[in-house]
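Only one structure is covered here, and it is reproduced in the block below.
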Amino acid sequence: MKIWHYFLGTLLIFGLLSWLSYHDGMAYDGLTTIGFPLTYYKEGVGQSLDTGQMEGFSHYSLLAVAANLICSFLTYFASRYVFNMWKDRTS
């Protein structure tokens, strides 16, 4: 049961950090990014210097997703530890 708490807490923090770090800059600089602390998704468009035509690109990094999940787990673990310490002191 406790494993589910850590699993769901980690996913919640990962989703929250991804949502807060989402940058849709396609109308401005042509670059959309998602991910904190590491960017795991990039998508953009721009004019090619070689052909002069508009081209698009997208990049997805599984290593950055794994690092972000580890960071989310550590954040959840630390916040749960601090909350339990605070709860024990007030009891």
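Overview of results
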| quantity | calculated |
| --- | --- |
| Filtered residues of the stretch 9-31 (kept if small (G, A, S) and in contact with a strand residue (DSSP E or B) (Cβ under 8 Å, 6 or more places away or on another chain)) | S18, S21, G25, G30 |
| Qualifying residue in the stretch 15-26 (condition: outside any helix (DSSP H, G or I), touching a helix residue (DSSP H, G or I) at 6+ places or on another chain (Cβ under 7 Å), open to solvent by 90 Å² or more (accessible area, probe 1.4 Å) and not acidic (D, E)) | no |
| Filter result (open to solvent by 90 Å² or more (accessible area, probe 1.4 Å), more than 24 Å from Y6 (Cβ to Cβ) and outside any strand (DSSP E or B)) within the stretch 28-50 | Y28, D29, L49, D50 |
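The values are calculated or read from the model by the stated rules, or taken from the named source; none is laboratory data. Quantities reported herein were computed from a predicted structural model and do not represent experimental measurements. Don't worry about glycine lacking a Cβ; one is built from the backbone with ideal geometry, like all the others, and counts go over all protein chains shown. Ligands, DNA and RNA are stripped out before the accessible areas are found, and what is left, the full protein with its side chains, is counted by its heavy atoms. Shrake-Rupley method; radii C 1.70, N 1.55, O 1.52, S 1.80 Å.
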